[in-house]
Amino acid sequence: MTDTTATRRGTVLVVDDEAGVRASIRAILDGTCEVLEAPSGTAALELLRANDVDVVMLDQRMPGEAGIDILPKVKAHDESIVVVLATAVHDVRTAVEALRRGAYDYLTKPFDVDDIFGLVQRALEKRALEDEVIRLRSALAPAGLHSGQGFEGMIGRHSDMVRIYQLITQIAPTPTTVLITGESGTGKELVARAIHNESGRRTQPFVAVNVAALPETLIESELFGHEKGAFTGAHARKLGKFELAHGGTLFLDEIGSLRLDLQAKLLRALQQREIERVGGVRPLTVDARVVAATNINLRQAVREKTFREDLFYRLNVVPITLPPLRERRDDIPTLVEHFVRKVARECHRDVRGVSAGALDVLVRYDWPGNVRELENAIHRAVVLAGGPVIQLQDLPLDVALPETRSRLAEDTGLPLREACDQFERQYVLRVLERVGWNVSRAARMLGVHRNTVLAKLSGWGVRRPADPEGRSVSL
Ligand SMILES: Nc1ncnc2c1ncn2[C@@H]1O[C@H](COP(=O)(O)OP(=O)(O)OP(=O)(O)O)[C@@H](O)[C@H]1O
Ligand SMILES: [Mg+2]
């Protein structure tokens, strides 16, 4: 066995004053990981300084320092080392204290071979999973635009996004009208806010109006205001959004839903910088920078005569088109990281990352609802996660089982055999994920032999996510 293989497989340090105990643990673990031995706490700490150790098995009763007192020193050396304490059968209090001091688990003496084997496997897998999460983080850490955090609250370094950040910087200081297009949830409102924040108007109001969300009868007075008595119910003068945005930015969301007669009024407001309140007698000058957004194809609306051509060209002076998330998948890990942090903070949850398997699914999913859908999925996962790492089973079914959903949605005539195969694959993967890719445990849960699981995995071409060479699967 070469050194590299040994390191990748994990290193276990056995600390026990009895040479016989050390030798038997070595024999049990032989072939699955590298084993180091130390007869005392002092010797153990020395070995830790010289070697990369993943798991420390500490005996509680040794001459000199007891295991429970060595434990904090191991953790002080490297917080992420997984420590297992070996106690006497009746010593429950020490076991509890060990867990309190950061031990991962405890074993009782005399040892059961299966217990040792299983526990060390789990401990090594926990380490591998954490390594994977840490690796993901450091891969994300390097600076990019605005220290890697994207731009004005927008995450993403895909070239389309970078071009959009540049465009925003260029046009923000000018009074030009901007038309933002993009599918639902791609970040149109974020772009509108960024334009406002990057402009000289940032200290003035940013007023957002969703044209589609307002009742038809109210839109005109919402936008342009009304005079007292202009219509039944107009008990007092009301300022419209144009006036409220004076000096600042007016964001007209879902502009494609604006009624044709109001499109004419909007055009006039844009061209002459004048508006008229409903029931008003003279025009008022307003200085609001208009940014509009739509998720429909306005050019087509123009062809279909539901949108005024002149207004379209007036709005479309500077077009910004946001790419759908599925066209910038490389940004998904950064977005996931961002949302995990954000939601964990807001919901007071100790969730720090996602498993490699879950991330893989998140990156491959098509995200019809784009960033908003991803944000919601992560929110749900953070709230549901049973531990510090989000697992596949914490993700919404739509995301975790997209094949089933899309196939069943568009084609319920799927042959039973194929539907069963799909379900089987997803189910087995979920169980594996739940037990940290411990094939033996998964096999026990599934009620099949572990060779069956291994055969299925190789048939599907699936490898254990944390290990690119799939080594652990063949344990
Ligand atoms: N690049 C991004 N980085 C971080 N968060 C983003 C990004 N894009 C969108 N979001 C988040 O996703 C959600 C949806 O964004 P936003 O409301 O701007 O989308 P939209 O295009 O206006 O959607 P809709 O068409 O449905 O109104 C928001 O919570 C927003 O903060
Ligand atoms: Mg929006």
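Restricting attention to the range 116-124, does a residue exist that is in contact with a strand residue (DSSP E or B) (Cβ under 9 Å, 6 or more places away or on another chain), over 18 Å from Thr11 (Cβ atoms) and without any contact (Cβ under 8 Å) to a residue 60 or more places away in the chain?
The answer is no, given that none of the residues of the range 116-124 is in contact with a strand residue (DSSP E or B) (Cβ under 9 Å, 6 or more places away or on another chain), over 18 Å from Thr11 (Cβ atoms) and without any contact (Cβ under 8 Å) to a residue 60 or more places away in the chain.
Could you please find all residues in the range 63-80 being surrounded by fewer than 20 Cβ atoms within 10 Å (Cβ to Cβ), in contact with a helix residue (DSSP H, G or I) (Cβ under 9 Å, 6 or more places away or on another chain) and under 19 Å from Leu36 (Cβ atoms)?
Result: Gly64, Glu65, Lys73, His77, Asp78, Ser80.
Look through the range 305-336, keep the residues that are assigned to a loop (DSSP other than H, G, I, E, B) and aliphatic (A, V, I, L, M), and return whichever of them is nearest to Leu374 (Cα to Cα).
Selected residue: Leu322.
Can you pull out the residues in the range 183-206 that are outside any loop (DSSP other than H, G, I, E, B) and either within 16 Å of ligand 2 (Cβ to nearest atom) or hydroxyl-bearing (Ser, Thr, Tyr) (or both)?
Lys188, Glu189, Leu190, Val191, Ala192, Arg193, Ala194, Ile195, His196, Phe206, listed by residue number.
Considering only the range 244-299, how many residues are within 16 Å of ligand 2 (Cβ to nearest atom) and either at pLDDT below 95 or not in a strand (DSSP E or B) (or both)?
Residues that pass the stated criteria total 8.
Does Gly233 satisfy being part of a loop (DSSP other than H, G, I, E, B) and either surrounded by 17 or more Cβ atoms within 10 Å (Cβ to Cβ) or assigned by TED's automatic domain parsing to the domain that holds Arg201 (or both)?
yes
Looking at the range 68-91 only, could you name the residues that are among the β-branched types (Val, Ile, Thr), assigned to a loop (DSSP other than H, G, I, E, B) and within 30 Å of the chain's Cα centre (by Cα)?
Once the filter is applied, which keeps residues that are among the β-branched types (Val, Ile, Thr), assigned to a loop (DSSP other than H, G, I, E, B) and within 30 Å of the chain's Cα centre (by Cα), the range 68-91 yields only Ile81.
Going residue by residue through the range 382-392, is there one that turns out to be part of a helix (DSSP H, G or I), surrounded by fewer than 22 Cβ atoms within 10 Å (Cβ to Cβ) and modelled with pLDDT of 90 or more?
Taking every residue of the range 382-392 in turn, none turns out to be part of a helix (DSSP H, G or I), surrounded by fewer than 22 Cβ atoms within 10 Å (Cβ to Cβ) and modelled with pLDDT of 90 or more.
Looking only at the range 166-180, filter to residues that are under 19 Å from Asp331 (Cβ atoms) and crowded, with 21+ Cβ neighbours inside 10 Å; which one of those is nearest to ligand 1 (Cβ to nearest atom)?
Only one residue fits best here, namely Ile180.
Residue-wise test of (1) part of a helix (DSSP H, G or I); (2) closer than 20 Å to Met62 by Cβ; (3) at pLDDT below 80.
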residue	(1), (2), (3)
Arg93	yes, yes, yes
Leu107	no, yes, no
Phe117	yes, no, no
Ala123	yes, no, no
Glu130	yes, no, yes
Ser138	yes, no, yes
Arg157	no, no, no
Gln166	yes, no, no
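Of the residues in the range 36-67, how many are charged (D, E, K, R) and under 19 Å from Ala88 (Cβ atoms)?
Total meeting the criteria: 3.
Could you tell me which numbered condition Glu410 fails, if it satisfies all but one of (1) at pLDDT below 80; (2) under 30 Å from Arg268 (Cβ atoms)?
The number of the failed condition is (2).
Is it true that some residue in the range 57-64 is touching a Leu at 6+ places or on another chain (Cβ under 7 Å), in the same structural domain as Leu129 (by TED's automatic domain parsing) and part of a loop (DSSP other than H, G, I, E, B)?
Among the residues of the range 57-64, at least one is touching a Leu at 6+ places or on another chain (Cβ under 7 Å), in the same structural domain as Leu129 (by TED's automatic domain parsing) and part of a loop (DSSP other than H, G, I, E, B), which makes the answer yes.
Return yes or no: is Asp115 buried (at least 16 other Cβ atoms within 10 Å of the Cβ) and among the charged types (D, E, K, R)?
no
Would you mention how many residues in the range 338-362 are exposed (fewer than 14 other Cβ atoms within 10 Å of the Cβ) and within 16 Å of ligand 1 (Cβ to nearest atom)?
Residues that pass the stated criteria total 3.
Cβ contacts < 6 Å: first residue hydroxyl-bearing (Ser, Thr, Tyr), restricted to the range 176-197; second residue near ligand 1 (Cβ under 9 Å from one of its atoms), any location; separation 6+ or different chain. Result?
That search, which allows pairs on different chains as well, returns Thr181/Thr294; Ser184/Asn295; Thr186/Leu322; Thr186/Asn370.
The values are calculated or read from the model by the stated rules, or taken from the named source; none is laboratory data. None of these values were measured; they are calculated from a predicted model. Glycine gets a Cβ as well: all are built from the backbone with ideal geometry, and neighbour counts include every protein chain shown.
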